[in-house]
Structure formats: C-alpha cells, structure tokens
Amino acid sequence: MDWQLSENAQHLSAVPAARLVDRTPVPVTGAWRPGDDPGSRSFARIGDIDAEAGGTIRGAVLAYETWGALSPARDNAVLVLHALTGDSHVRGAAGPGHATSGWWEEVVGPGLAIDTDRLFVVAPNMLGGCQGSTGPATPAPDGREWGSRFPRVTIRDQVEAQRRLADHLGIGRWRAVVGGSMGGMHALEWAIAHPDRVGATALFASNAATSADQIAGNALQIEAVTTDPGWLGGDFYDLPGHAGPARGLALARRMAMLGYRSQHELNERFERAWQSSVDPLAGGRFQVESYLDVHGNRFVRRFDAGSYVRLVDAMSTHDVGRGRGGVEAALARVTSPTLVVGISSDRLFPVADQQRLAAGIATSVSGAEPVVLESGFGHDGFLIERERVGDLLAPLLA
C-alpha cells in the first residue's frame, strides 16, 4: 500500500548510501497537525461521530482535496478512497504540507481515466487518519491529543464520516466511488449502505470480510507498535525529544511490506545479493533487508503510530455481512455497476477475495468472475500499474 518511487525500482546497491537511511531526528509523529502548512487540503467539520464500537469522536473534521469542477446539476462527482497508509493527495507534487507526491497521478487528471476535465474528484483522508482528518494525533476538544482516548473506529464509521462530507459538499449522489485495498472496503460499504447515492463502484484488490489470515498479520503489526516502550499506552505525543514508538512502527511497516509486494518480485529484484561487499555471515546485510529498512525509516517520518493501530484494527473488523444476514446477503444489496479487480500475485488480498465479491454482486460488470490484473508487483499492483488501472476504469466512467 505504498507507491513505487524511482529508487524502489533499482537494486539498493545502486542507491547512494546517504539516501538509504534518513539521519534526521525521528519526530514523535509524522502526522499533519493544525498549524502545519495545509498544502492543497480543505477541511470539513462533520460534527460528532458515535463510533460503532462505543465512544464519541467530538467535533470531527475530515481533510480532503478536490480536482475539477462540480457541474451545475451536481451529478459528476467521483469519490476516490485511499488505502491504509495513503492520504488525500491523489495528484500533485510533494512539497509544503504534502510529504509525498500524488499516489494516482496517471489515473486521475485531465484526459485520464478519472478525467478532471469533466469530473469533480473528491479524495478525503479517512477518519482516524493522520493527514488532516481527526485521529489520535489531533487535538481533542480539551486541547490535548486524542491519543489513547480516540475510539476504535470501523469501516462503517469512516463511511459515515464520508457521507457527512458528501452532504457538506452538497453531493447527493456520486457518479462513482472508487477505492483500492482499505479504500475498496470503504467503496463497497458505500455501495451496500447507500446504494441510492452511488452511480458506479470500482473495487481494486479488496475484500468483503477480513480473513483469519489477514487478521493474524494485522495483529502482529499492532503488537509490534504497542509493545514498543515508546508507545506509552498511546499517549506519547507531548514528551519533548521523544520519538514515540518509532522502532515498533518501523517494524510494523517492514512486516506489512511482505504482504504488499509479491514473493516473485522480491526474489527477482534482490535474489541473495549483499548490500555491500561484506558477506552477511561476516556482519554484512542482504539487499532485501536494507530495502525493508528504507521503507520503515521513511514511514515513521510521514505517519502516526496511533493512527496506524486504529486503522489496522478497522481493517480487521471489516465484515459487510455483520448485522446484515451474512456477506452474500449484504453483497446482494449492491445495485450499481461494479468493477471488481484482483491482482494475480496478491498474497495479502488474494484473488479468491475478489472472486467472492464478483460472484455475490449481481451488477458486477465482468460477471461472476473478477477482472484479474496480471502483475508481478503483488498487492501494490493497483498503485504501481497505473496506466493499466486507468484502462480498466475508463469504460466505467465513460
């Protein structure tokens, strides 16, 4: 659930050593916080959210970005929903307010599949996130960070927040709702909970209910963060010079990368190559170890540990069939034309997950079988194979 940067596409031995590890001090959180440069963000106050699992998020705010113009009839709006560690910055350069460049530059824009010359695109940062929306790192009404007081949130809570954003923008019906991975969970929940407000749906590398295997991986990542001595029960934000649970968060990220990328890609890219001329048996390292370290090191500088724990937990509790008579009964509620796409080498959300979606959604545009994108990049294929993703999306939005 990360995007492919230029240096990710080459062996790390070709990357200057100074770029492999960021030597600057690790911040207590990589979250965007009030007072920081807003960049391209707008903010919507959406009121109090009563969380499904209990507790109330008072005075919730969603950060979002938009592209294109809303038509006079307000019928050309497309909702684009990001994955676990993404944000609202779908397109645009990195710079003040935005740690990374847009994650779907070749999919969203003028003349592209999600054509901003004729469509109005809205991309929110999800509730509980750390890039402008209310989450553990943002101030609660008493002025202190929410921290451990931030309630557990579910996919349904996050979609309720997005529904309120739609109302705030005066959008009664989306032309389409599009999402991948965790964003696909949101898009599916939209199509089930609000079928009258969704004109079309696109689900990339997602599922209907999180499996035991997926929950197990999530549980280990949460444990990596919360057993770090710097976690402090989730209230680590106000200690001067404190890096929070940076080691645990970096470890969780390294663990997650093994699900995001395919076995084939890692074996082909790195083989058993050494990172330097020093044999790993003599204290050196393998290139693949350094690759994981690079991702962990970057991640702690742009994300928040509290958000990570809450969002991973939200993925684990995802089950569209909860309280609806089971998954198949819930999928039967979808009435919009729906594109279901799986990634051939995805070992996190394997194609069997998308087969269940396509078989259960009567309006699947490919019938009872999903469209399978042949890619060696694994789960992250929907973020990397952008031109091919655009080709799949274009007919749905024509």
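Overall, segment 282-398 carries a charge dipole of about 360 debye about its Cα centre when +1 sits on the Cβ of Lys and Arg and -1 on the Cβ of Asp and Glu, all other atoms neutral. Using a probe radius of 1.4 angstrom, the carbon and sulfur fraction of the accessible surface of segment 284-362 is 55%. Under the criterion of Cα pairs below 8 Å and six or more residues apart, the relative contact order for segment 344-398 equals 35 percent. Only protein atoms count toward the accessible area here, which uses a 1.4 Å probe; on segment 91-211, the carbon and sulfur part of that area reaches 50 percent.
What is the sum of charges around residue 44, taking Lys and Arg as +1, Asp and Glu as -1, for the other residues whose C-beta is under 11 Å from the C-beta of residue 44? Don't jump to the answer; show the numbers that get you there.
Numbers: positive: 41, 45, 164; negative: 167.
Charge balance near residue 44 sits at +2.
Taking the convex hull of the alpha carbon positions in segment 118-182 and averaging its projected area over all directions gives 5.5 nm².
Backbone amide hydrogens, once placed in the peptide plane, bring residue 84 within less than 5 Å of 182, 183, excluding anything fewer than 5 places away on its chain.
In loop segments of segment 245-330 as defined by DSSP, the trypsin sites (Lys or Arg not before Pro) with at most 16 further C-beta atoms inside 10 Å of their C-beta are 272, 285, 301, 322, 324.
Restriction of the GluC sites (Glu not before Pro) in segment 263-361 to DSSP coil positions whose beta-carbon has at most 12 other beta-carbons within 10 angstrom yields 271.
Restricting to the chain, compute how many DSSP beta bridges are antiparallel as a %, nearest 5.
Numbers: 15 of 39 bridges.
Around 40 percent of the beta bridges assigned by DSSP in the chain are antiparallel ones.
Answer with a single label: of [x] 26.3; [y] 20.6; [z] 21.3, which was calculated as Kirkwood radius over Cα pairs in Å from the structure in view? Entry [z]. Between 266, 127, 251, the GNM of the chain built on Cα springs shorter than 10 angstrom shows 266 fluctuating the most. Among 278, 288, 107, the largest mean-square fluctuation in a Gaussian network model of the chain (Cα springs under 10 Å) belongs to 278. For residue 175, the shell of other residues with beta-carbons less than 12 Å away shows a net charge of +2, using +1 for Lys and Arg and -1 for Asp and Glu. Centre-to-centre, using Cα atoms only, segment 303-380 and segment 24-81 are separated by 24 Å.
In Å², and per residue, what accessible area does the chain have when probed at 1.4 Å with the other protein chains present?
Values: 15270 Å² over 398 residues.
Normalised by residue count, the accessible surface of the chain is 38 Å².
DSSP assigns beta bridges within segment 94-234; of those with both partners inside it, close to 20 percent run antiparallel.
The values are calculated or read from the model by the stated rules, or taken from the named source; none is laboratory data. Since the structure is predicted, the reported quantities are computational estimates derived from the model, not experimental observations. Don't worry about glycine lacking a Cβ; one is built from the backbone with ideal geometry, like all the others, and counts go over all protein chains shown. Side chains are part of the model used for accessible areas, which takes the heavy atoms of the whole protein and leaves out ligands, DNA and RNA. Shrake-Rupley method; radii C 1.70, N 1.55, O 1.52, S 1.80 Å.
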